[in-house]
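Quick notes on the structure that follows.
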Ligand code: KMH
Ligand code: ZN
């Protein structure tokens, strides 16, 4: 079976230190978090950045300083430089223009959200005209998108964008399941049932790679379902703050290490950064 790419979503936009002290906010904290996540087996870092007050930011200077600090911390530890994937999702309420702007820094990859949805008690707005503007910005920048799919209609939107010639293969897809307001990984009585996931994967445009990001309590059970199916896995404090029920994770690295151990137990090798670049067809 293919090797497992572990993505670590270290920070996100919605949480604060009040939720968990393990949340990295400053560039230095993000550098340490990314370094330790890579050491534990992550090959992709999904990156949101914060301003000087700790609030969510899409400022270029904030992305720039976080990337520099991550690269510096990783180089100092003699580890391979991970694939850095910027968020163009930002925080709920952020304007598309500001969400697009960091593509000009030419990260290895960036997220591409495929539809408006309820997001907990908020609304995550991705209008169809905005998504087309985003697709054109991806094309112009040459940055490789990762398509975030929270619901079935988002998959249909990806097919629409392909038909319109606005996105190019290969299609890297992340099924982000378990957001209140989006699709769940399985019905509440069927924990561990792969049927929904298998259906979603069966609908993907080719050629594709796919992974899962289970939100909150779904993080680990969804990984358990996806790993034997050949899917990749995203974990991290952005998505889930617990290592097990009621116990806060000490760090992003602890969440990564847990998935790496799970994968090895299931007989699936964890991808190195070099492996991940090959699997994702990214430039070395
Ligand atoms: N913060 C969420 C509203 C992404 O990074 O692309 C959206 C998000 C998705 O985190
Ligand atoms: Zn994100």
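Some notes on this structure:
- Any chance residue 68 is surrounded by fewer than 21 Cβ atoms within 10 Å (Cβ to Cβ), on the phi < 0 side of the Ramachandran plot and in contact (Cβ under 8 Å) with a residue 12 or more places away in the chain: yes
- Top-ranked residue in the range 1-19 [being more than 16 Å from ligand 2 (Cβ to nearest atom) and closer than 22 Å to residue 120 by Cβ; ranked as farthest from the chain's Cα centre (by Cα)]: 18
- Count - residues of the range 35-54 that are more than 15 Å from ligand 2 (Cβ to nearest atom), under 30 Å from residue 120 (Cα atoms) and without any contact (Cβ under 8 Å) to a residue 60 or more places away in the chain: 4
- Considered as a group, the residues in the range 3-18 that are more than 10 Å from ligand 1 (Cβ to nearest atom) and surrounded by 24 or more Cβ atoms within 10 Å (Cβ to Cβ) include one that is farthest from residue 47 (Cα to Cα), and that residue is 4.
- Condition check for residue 58: surrounded by 22 or more Cβ atoms within 10 Å (Cβ to Cβ) and either at pLDDT below 95 or within 27 Å of residue 175 (Cβ to Cβ) (or both): yes
- Count of the range 20-34 residues which are within 16 Å of ligand 2 (Cβ to nearest atom) and part of a helix (DSSP H, G or I): 3
- Just so you know, in the range 62-112 the residues that are more than 18 Å from residue 13 (Cβ to Cβ) and within 16 Å of ligand 1 (Cβ to nearest atom) include one that is nearest to the chain's Cα centre (by Cα), and it is 83.
- Subset of the range 268-281 (residues that are in contact (Cβ under 8 Å) with a residue 60 or more places away in the chain, surrounded by fewer than 18 Cβ atoms within 10 Å (Cβ to Cβ) and out of contact with any helix residue (DSSP H, G or I) (no Cβ under 8 Å at 6 or more places or on another chain)): 272, 274, 275, 281
- Residue match in the range 250-264 (condition: surrounded by fewer than 20 Cβ atoms within 10 Å (Cβ to Cβ), farther than 20 Å from residue 43 by Cβ and in contact with a strand residue (DSSP E or B) (Cβ under 9 Å, 6 or more places away or on another chain)): yes
- Meets criteria (modelled with pLDDT under 95, surrounded by 16 or more Cβ atoms within 10 Å (Cβ to Cβ) and touching a helix residue (DSSP H, G or I) at 6+ places or on another chain (Cβ under 8 Å)) for residue 186: yes
- Search result, residues across the range 119-160 that are in contact with a strand residue (DSSP E or B) (Cβ under 7 Å, 6 or more places away or on another chain) and exposed (fewer than 15 other Cβ atoms within 10 Å of the Cβ): 120
- Positions within the range 133-156 being out of contact with any helix residue (DSSP H, G or I) (no Cβ under 7 Å at 6 or more places or on another chain) and more than 18 Å from residue 87 (Cα to Cα), in sequence order: 151, 152, 153, 156
- Looking at the range 60-171, the helices (runs of 4 or more DSSP H) lying wholly inside it that each contain 2 or more residues that are within 15 Å of ligand 2 (Cβ to nearest atom) and under 24 Å from residue 273 (Cα atoms) sit at 60-76.
The values are calculated or read from the model by the stated rules, or taken from the named source; none is laboratory data. Computed from a predicted structure; not experimentally measured. Ideal geometry is used to build each Cβ from the backbone, glycine not excepted, and the neighbour counts take in all protein chains shown.
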